[in-house]
Every structure is written in C-alpha cells, then in structure tokens.
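Notes follow the structure.
The values are calculated or read from the model by the stated rules, or taken from the named source; none is laboratory data. Model, not experiment: these values are computed from the prediction. Cβ coordinates were reconstructed from backbone atoms using ideal geometry, including for glycine residues, and neighbour counts include every protein chain displayed.
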Amino acid sequence: MDIKFNETVPHPLNPPVYNDIMWILLFLFTAAILIWRHRGRTELNNTALIFLGSWSIFWQEYYNNWGGYLLYSPDLNLLPWGSTWWTSPNKPFFLIFSYPVFFTLFYSALVYVNRWIKRLLPGAPLLLIALTVDGPAFWLWNYFVDKSSVENGIWNYVVTWGPTQLTSNGGHEPLVWPMIPFSIFGAVVAYYLSKLDENGHPTYIRLGHPERVPPGPRRELRRVLTAVIWWNAMYWFAFTVPLNLVREFFLPASQMVP
C-alpha cells in the first residue's frame, strides 16, 4: 500500500474570501428557482426532494473528512464544533449551503441522462447504466471540483494512499481514496433517484408510505421526512461509515486529522 504522509505541508491557507458568499448566493438562487417552479403546485417535485434531502446530510461531511484525511483551511469561517470522535478538526460553515447546490445540480443532470439512455436502450438495466455512466461522471466531476479546491487552499489531504497528484500549490489530490468510494456511492444514489414509479415519483419515497395520508401539507411533510431519512441513511452506511472503518482498522494515524 503506497501511503504518503503530507503532514509536513502546512494547513491550507488563504482560501478565496468570496467562498462563503458565493455558496450562500448559489444556495439562494437554487432555492428561488425551486420555489418559482413550485408555484401553482400542491406537490413537491423530485428536484425539490433532492435539494431538501441532500441539504440534510451536510453534517456528515465532517465525519467522512476524517476517513479521507481531508483538512479544511483554518482561515475559513468555521462552526463552533471542535474535534470529536471520527471528525476532522476544521468544520467550515459554507458546507451548509454548498451541499444542496452541488448535489441538486449534479444529480438532476445524472437522472436526466439515465432516463435518456434508458429510453434509447430499453433493454439495458438501469443499475448497469448508473454504474457505467454515473460512477465515472461522478469521479470526473468530483476530481475537477476537488483539485480546484486543493489548489485554491480551501482544503488539503494530509495523508493519501494509492495514486496521488501533486497540485500546483504543493497540495495533494488523491485519485483513488476516497474518490472511488464516493463515486460508487454517487452511482448507487443516482440509480435510486432514477427509479420512478407510475406517478413519476422516486420509488424510495414509498418507504414512508405517503399514500396513507391525504394529499396536502401532511403528505408532503411525510415525503420530505422520508427523503431526509433516506439520504442520511444512504450517505452514512454507503460512504461515511465504510470510509471511516477502513481508516480505523487499516490506515495509519494522523497528527493533523487525529
């Protein structure tokens, strides 16, 4: 196992001053579009459920950062949440707003592509489409976003294993871990988001049995709660816990992400 300790590299410093403002504005813009699209409707559309569900999982970032040895810059605006079990020490504020923007944009595109390929190749299993198209697409998208963030001093990986790319500012961009587990998670979630029932709803929403409640605010609340629980369970059990368990039992300790 090719493990590289990058703890001689200082904390990532001097991130862009506009980082928080940019994500807050993108969050408000995305929310405004969804509200505008909801006018005259009594039922939340699938994009709104992606937005609300993915918004609810931002807190898990601080846990899977520990599993991936990811360290955010201390120059960011940080939450008053210190070092706790299985969490990376620096917990930036902007993630509250970036999560729903990132996931809503990318998953909306992936669902559209999956449905288009399924119509073009009706015999192709949807899961195969998700694994062969969405997994690599998720890796590529995450690579460019991730590498840009390392180069801009927003975060760095203080320990890496497997193939690693040295960035222009001396940071380290891992190409395997945690990129591949994150891409597998992304493909599996895209598969479930693309599975629609006869009413055009994601089939996972059936887990909350919204049909037991009359149409209206109570049914929509149940659908939202189902999405929130489902997103958190998928992220926790399909990515965060496996990532952290691998580090816990098989990878070395870290001084900077203890």
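So, residue 112, is that one under 19 Å from the mean Cα position of the chain (by Cα), surrounded by 20 or more Cβ atoms within 10 Å (Cβ to Cβ) and assigned to a helix (DSSP H, G or I) or not?
no
Can you name the residue in the range 61-85 that is farther than 27 Å from residue 246 by Cβ and either out of contact with any Phe, Trp or Tyr (no Cβ under 7 Å at 6 or more places or on another chain) or charged (D, E, K, R) (or both) and is also modelled with the lowest pLDDT among such residues? Break it down into steps so the answer makes sense when it comes.
Taking the range 61-85 as the starting set, the residues that turn out to be farther than 27 Å from residue 246 by Cβ are 75, 77, 80.
Then keep just the ones that are either out of contact with any Phe, Trp or Tyr (no Cβ under 7 Å at 6 or more places or on another chain) or charged (D, E, K, R) (or both); that gives 75, 80.
Working: 75: 92, 80: 95.
Here the residue is 75.
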Against the conditions (1) surrounded by fewer than 20 Cβ atoms within 10 Å (Cβ to Cβ); (2) modelled with pLDDT of 95 or more, where does residue 200 fall short? Just the number, please.
(2)
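One line per residue, one yes/no per condition, for (1) at pLDDT 95 or above; (2) in contact with a strand residue (DSSP E or B) (Cβ under 7 Å, 6 or more places away or on another chain); (3) part of a loop (DSSP other than H, G, I, E, B); (4) on the phi < 0 side of the Ramachandran plot:
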| position | (1), (2), (3), (4) |
| --- | --- |
| 29 | yes, no, no, yes |
| 41 | no, no, yes, yes |
| 53 | yes, no, no, yes |
| 59 | yes, no, no, yes |
| 87 | yes, no, yes, yes |
| 101 | yes, no, no, yes |
Among the numbered conditions (1) assigned to a loop (DSSP other than H, G, I, E, B); (2) within 19 Å of the chain's Cα centre (by Cα); (3) not acidic (Asp, Glu), tell me where residue 242 comes up short.
(1)
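State yes or no: is residue 162 under 19 Å from residue 140 (Cβ atoms), in contact with a Phe, Trp or Tyr (Cβ under 7 Å, 6 or more places away or on another chain), loosely packed, with under 15 Cβ neighbours inside 10 Å and not hydrophobic (A, V, I, L, M, F, W, C)? Steps first, answer last, please.
Values: under 19 Å from residue 140 (Cβ atoms): yes; in contact with a Phe, Trp or Tyr (Cβ under 7 Å, 6 or more places away or on another chain): yes; loosely packed, with under 15 Cβ neighbours inside 10 Å: yes; not hydrophobic (A, V, I, L, M, F, W, C): yes.
Against the criterion (under 19 Å from residue 140 (Cβ atoms), in contact with a Phe, Trp or Tyr (Cβ under 7 Å, 6 or more places away or on another chain), loosely packed, with under 15 Cβ neighbours inside 10 Å and not hydrophobic (A, V, I, L, M, F, W, C)), residue 162 qualifies.
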Can you confirm whether the range 136-157 contains a residue that is closer than 20 Å to residue 53 by Cβ, at pLDDT below 95 and crowded, with 22+ Cβ neighbours inside 10 Å?
yes
Scanning the range 6-27 for residues that are buried (at least 16 other Cβ atoms within 10 Å of the Cβ) and not in a loop (DSSP other than H, G, I, E, B), which turns out modelled with the lowest pLDDT?
19
So which residues in the range 204-239 are in contact with a Leu (Cβ under 7 Å, 6 or more places away or on another chain) and of a type in the set (Ser, Thr, Tyr), if there are any at all?
226
Is it true that residue 81 is without any contact (Cβ under 8 Å) to a residue 60 or more places away in the chain, within 30 Å of residue 249 (Cβ to Cβ) and in a loop (DSSP other than H, G, I, E, B)?
yes
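Every residue in the range 40-78 that is free of Cβ contacts under 8 Å to residues at least 24 places away in the same chain, surrounded by fewer than 20 Cβ atoms within 10 Å (Cβ to Cβ) and over 15 Å from the mean Cα position of the chain (by Cα), please. If you could, list the steps in order and put the result at the bottom.
Pass one, the range 40-78, residues free of Cβ contacts under 8 Å to residues at least 24 places away in the same chain: 40-41, 45, 48, 59, 78.
Adding the requirement that they be surrounded by fewer than 20 Cβ atoms within 10 Å (Cβ to Cβ) leaves 40-41, 45, 59, 78.
Across the range 40-78, the qualifying residues are 40, 41, 45, 78.
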A careful count of residues in the range 223-258 that are at pLDDT below 95 and among the polar types (S, T, N, Q) gives 2
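For residue 121, indicate whether it is in contact (Cβ under 8 Å) with a residue 60 or more places away in the chain, over 23 Å from residue 253 (Cα atoms) and hydrophobic (A, V, I, L, M, F, W, C). It would help to see each step written out before you state the result.
Values: in contact (Cβ under 8 Å) with a residue 60 or more places away in the chain: no; over 23 Å from residue 253 (Cα atoms): yes; hydrophobic (A, V, I, L, M, F, W, C): yes.
For residue 121, the condition - in contact (Cβ under 8 Å) with a residue 60 or more places away in the chain, over 23 Å from residue 253 (Cα atoms) and hydrophobic (A, V, I, L, M, F, W, C) - is not met.
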Return only the number of the condition from (1) crowded, with 20+ Cβ neighbours inside 10 Å; (2) touching a residue at least 40 places away in the same chain (Cβ under 8 Å); (3) over 30 Å from residue 77 (Cα atoms); (4) not acidic (Asp, Glu) that residue 239 does not satisfy.
(3)
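Can you spot a residue in the range 196-210 that is touching a Gly at 6+ places or on another chain (Cβ under 9 Å) and not acidic (Asp, Glu)? Reasoning before the result, please.
If we filter the range 196-210 for residues that are touching a Gly at 6+ places or on another chain (Cβ under 9 Å), which is where we start, we get none.
Looking for residues that are touching a Gly at 6+ places or on another chain (Cβ under 9 Å) and not acidic (Asp, Glu), one finds none in the range 196-210, hence no.
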